[in-house]
Amino acid sequence: MPTVAVISASGGAGKTTVALALAYYAAHTLADPRKVLIVDLDPTAGLTLRALGDSGYGDLCQQGKTLYHMDLDFDRGRRVDVEKYATRPGPAAKAISNVALLPPGEDDEGDLAARVEKWFLFGGRDRLAKLLKESQALERYSHVVIDTAPFFDVRYTVAAVAAAAVAVVPLRPTVTEITRTIRMLKRLRSAGIEIKPLALFNYDPGRLVRETSTLRELGFKIPGRASAHPDQKLRQLVERLTAEATPIKTVLQYKRELTDLEFPRTSSDKLDLIICPAAAEIYRHLNQHPPECPATYEEE
């Protein structure tokens, strides 16, 4: 059963979009949508708010349908069943309407951040893995995608990676972001976490023109033609990155259909064309056997 953690060294790298894209792809291509689970391990609830909005998230917190409440119940010795705490967005998020979503959670007494702090006070880097096992999430779902907070707080990254079969690191092809990503992966290794994740470049090739030419020179699949000279310093950094992570050779390109205002709240035929090439390559690394993608989407 593939469990994928989506982690990043920086905020704004597209981590939530990638998590949603992988869950969408699994639900529409690899599995019964009801067999796919998204775990929102970011205490700011970015993914949940994007899918359900403020009122939808607030309702779930009041109902106790969150990861925070699951963890509280487990601490109190109660039997936990993931179905009690997860929800399906339905019409609020059409693209993932039948995918199960486990929000982070909060109430007047506390929030997920306080629970995670407690996990690590007692050496509980495996707490999320244990919760997924004890709640039967690993039996009920064939695909689990975990969204996390950025690496500014290392605990969320560590907990997610400990619960996953593989980690995916979305990043932009810039000197700063690649440098931060390499540093993050080295820090994880120095903390005893052996991981060689999949690196996914997620950006707008029309804006980062020289960076796009550099990636093309290195064999990345990006539609269009080179329109600038490659950056040799950036090339060296990408090559250094490959020592720490396995690069996905198809980038996830920025498109309007993947923005907060569009995805996952609406569904369109273009989503498959945009998401499939990169997502299929990621799932192949997990020994899945995705079907061939439709023709690559190009702007008209």
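The values are calculated or read from the model by the stated rules, or taken from the named source; none is laboratory data. Bear in mind the structure is a predicted one, so any value in this text is a computation, not a measurement. Positions of Cβ are backbone-derived with ideal geometry, glycine not excepted, and every protein chain shown enters the neighbour counts. Calculation scope for accessible area: heavy atoms of the full protein, side chains included, ligands and nucleic acids excluded. Shrake-Rupley method; radii C 1.70, N 1.55, O 1.52, S 1.80 Å.
The requirement of being modelled with pLDDT of 95 or more, β-branched (Val, Ile, Thr) and either over 23 Å from Leu286 (Cβ atoms) or open to solvent by 20 Å² or more (accessible area, probe 1.4 Å) (or both) is satisfied by Thr176. Entry remark, segment 219-246: residues being open to solvent by less than 30 Å² (accessible area, probe 1.4 Å) and not aromatic (Phe, Trp, Tyr) number 7 in total.
Which residue is most open to solvent (accessible area, probe 1.4 Å), if the candidates are limited to segment 259-278 and must be in contact with a Pro (Cβ under 8 Å, 6 or more places away or on another chain) and assigned to a helix (DSSP H, G or I)? This residue is Asp272.
Show me the helices (runs of 4 or more DSSP H) found entirely inside segment 61-139 where at least 3 residues are open to solvent by less than 70 Å² (accessible area, probe 1.4 Å). Give the derivation first.
On the way: elements: 67-75, 82-85, 112-121, 127-134.
Result: 67-75, 112-121, 127-134.
Anything in segment 247-258 that is over 24 Å from Lys186 (Cα atoms) and either open to solvent by 30 Å² or more (accessible area, probe 1.4 Å) or in a loop (DSSP other than H, G, I, E, B) (or both)? List them, or say none. Correct list: Gln253, Tyr254, Lys255, Arg256. The set of residues in segment 204-234 being in a strand (DSSP E or B) and touching a residue at least 60 places away in the same chain (Cβ under 8 Å) is empty.
Of all the criteria given as (1) without any contact (Cβ under 8 Å) to a residue 24 or more places away in the chain; (2) surrounded by fewer than 17 Cβ atoms within 10 Å (Cβ to Cβ), the one not satisfied by Leu49 is (2).
Every test in (1) out of contact with any strand residue (DSSP E or B) (no Cβ under 6 Å at 6 or more places or on another chain); (2) under 20 Å from Val116 (Cα atoms); (3) β-branched (Val, Ile, Thr) is passed by Thr29 save one, and that test is (2).
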